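The values are calculated or read from the model by the stated rules, or taken from the named source; none is laboratory data. Small disclaimer: the values here were computed from a predicted structure and weren't measured. Note that each Cβ is placed from the backbone with ideal geometry, even for glycine, and that neighbours are counted across all protein chains shown. Heads up: the accessible areas ignore ligands, DNA and RNA and are worked out on the full protein's heavy atoms, side chains in. Shrake-Rupley method; radii C 1.70, N 1.55, O 1.52, S 1.80 Å.
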Amino acid sequence: MTAELLVLLIVIVTALAFDFTNGFHDTANAMATSIATGALKPRAAVALSAVLNLVGAFLSVAVAATVAKGIVRLDAVSGHALLIIVFAGLVGGILWNLLTWLFGLPSSSSHALFGGLIGATLAALGWSGVIWASGADGVIIKIILPAVLSPVVAALVSASGTWLIYRIVRNSDQGKVTEGFRWGQIGSASLVSLAHGTNDAQKTMGVIFLALVAHGTLTKNDEMPLWVMAACAVAIAAGTYLGGWRIIRTLGKGLVEIDSPQGLAAESASAAIILTSSALGLPLSTTQTATGAVLGTGLGKGAEVRWSVMGRMVVAWLLTLPLAGVAGAICWTIAYFIGGLAGVLVVFGILITLSALMYLRSRRNPVHTGNVNEWPTDTPSAAPDTPGRAKEPVEGGQSKESGSTSRSAQV
């Protein structure tokens, strides 16, 4: 096996690892509201979402084409140099995904990936190496503009839908309304999962396609190989089944207290927008779309919105592209200056080490199926962790300290 082939294999494995993190990071987009309202049990929800993500990944490759050919100027770089750019961008995206997951923030996996790729490209090729605008294509039109518009449009659509729903059912039996909308949520959440697979799995397909072009296995005009589609579909489905419970709790319980009619409105708005963007080849942030839709349901109902939580989300959104870009640029710099296979292995080792550290940190305050519907401020016992005090696990995923009870997770 040649060093170049080994580098390609490492890049493909890293891409599938990113796809896996995308799955558990973004499960909340489809299932948070259904879990919060009780329409679906947590484990059943993530299983259903995983299957539909798997199916959705095969429905289109329009978004994959945008990722593969619409960010890096392929006429300016090729071969090993392009492989290093792709690899560094993936590492930057994974690290940002894991960091925001650790803090329970539903930031965009898509923008983490794009930020990492853009940062690595800027470090390697300079400003001219990125396709910023090219007619109807480029980073500004295909990525930045949808990022700004999608949560606003989703909020408006879901707010209007929520207001209309409550107007229609205001004189109906509330027990029957809740039961009926819970059944409706199963359908709408399923549609969001299908849409998520159609949009998000393709982004990793595009990155692997880019790596194969760099290696010379494919040309930029070839069709997407079936094995790439299948591998990405399985990776995102596996990540989805794992369940990103920290982010599910934030989106389902932290932003707005959701009832089943609101859940149906939010999921329907998200699915419509995501599927439309997939058909147009726009690599939309499903996270920002779903969050905007959940916010809209609170506004449409006139319910309390936890604006402090929303503020933290917006800060994470604003930081995703630049900080993932910085991570991608640093990883490219390390790999480039060490050089060759050794540089790739060093960066890969850094990725594994930092990922393990963040996972171990998350175990101090676990979130799981038993406490995913418990927001920390909902109970009198919820209080910030006290540094330096030993904690023992107790039933239900809570933790206790000598003399006080700590929250089970932080955002």
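Table for the structure above
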quantity	calculated
Any pair with Cβ under 6 angstrom, 6 or more apart, that starts in the range 139-153 at a residue that is touching a residue at least 40 places away in the same chain (Cβ under 8 Å) and within 22 Å of Gly325 (Cα to Cα) and ends at one that is open to solvent by less than 70 Å² (accessible area, probe 1.4 Å) and among the β-branched types (Val, Ile, Thr)	Lys142/Thr66; Ser150/Thr289
Members of the range 37-63 found to be open to solvent by 30 Å² or more (accessible area, probe 1.4 Å), assigned to a helix (DSSP H, G or I) and β-branched (Val, Ile, Thr), listed by number	Val51, Val55
The range 275-290, subset open to solvent by less than 30 Å² (accessible area, probe 1.4 Å) and farther than 18 Å from Ala45 by Cβ, residue modelled with the highest pLDDT	Thr289
Subset of the range 219-231 [modelled with pLDDT of 85 or more and in contact with a Leu (Cβ under 7 Å, 6 or more places away or on another chain)]	Ala231
Any pair with Cβ under 9 angstrom, 6 or more apart, that starts in the range 72-86 at a residue that is open to solvent by 20 Å² or more (accessible area, probe 1.4 Å) and ends at one that is of a type in the set (Lys, Arg)	Leu74/Lys220
Residue check for Thr320: at pLDDT below 90, touching a helix residue (DSSP H, G or I) at 6+ places or on another chain (Cβ under 9 Å) and under 18 Å from Pro146 (Cα atoms)	no
Which numbered condition Val139 misses (of (1) open to solvent by 20 Å² or more (accessible area, probe 1.4 Å); (2) within 20 Å of the chain's Cα centre (by Cα); (3) not aromatic (Phe, Trp, Tyr))	(1)
Test: Leu194 is assigned to a loop (DSSP other than H, G, I, E, B), in contact with a helix residue (DSSP H, G or I) (Cβ under 7 Å, 6 or more places away or on another chain) and over 26 Å from Pro366 (Cα atoms)	no
Test for Ala30: is it within 23 Å of Asn371 (Cα to Cα) and assigned to a helix (DSSP H, G or I)	yes
Of residues in the range 11-31 being farther than 19 Å from Leu98 by Cβ and not β-branched (Val, Ile, Thr), the one surrounded by the fewest Cβ atoms within 10 Å (Cβ to Cβ)	Ala30
Residue list for the range 160-177, filter: among the aromatic types (Phe, Trp, Tyr) and either outside any helix (DSSP H, G or I) or in contact with a Gly (Cβ under 6 Å, 6 or more places away or on another chain) (or both)	Trp163
Residues of the range 218-229 classified as exposed (fewer than 15 other Cβ atoms within 10 Å of the Cβ) and more than 21 Å from Thr121 (Cα to Cα), total	5
Residue within the range 303-314 that is within 22 Å of Leu52 (Cβ to Cβ), open to solvent by 20 Å² or more (accessible area, probe 1.4 Å) and either aliphatic (A, V, I, L, M) or in a helix (DSSP H, G or I) (or both) present	no
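Conditions tested, residue by residue: (1) among the β-branched types (Val, Ile, Thr); (2) assigned to a helix (DSSP H, G or I); (3) at pLDDT 90 or above.
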residue: Ile10; (1), (2), (3): yes, yes, yes
residue: Thr14; (1), (2), (3): yes, yes, yes
residue: Phe18; (1), (2), (3): no, yes, yes
residue: Thr21; (1), (2), (3): yes, yes, yes
residue: Ile35; (1), (2), (3): yes, yes, no
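Let's see how each residue does on (1) within 30 Å of His80 (Cβ to Cβ); (2) crowded, with 24+ Cβ neighbours inside 10 Å; (3) out of contact with any Phe, Trp or Tyr (no Cβ under 9 Å at 6 or more places or on another chain); (4) in contact (Cβ under 8 Å) with a residue 12 or more places away in the chain:
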position	(1), (2), (3), (4)
Val177	no, no, yes, yes
Ala195	no, yes, yes, yes
Thr198	no, yes, no, yes
Gln202	yes, yes, yes, yes
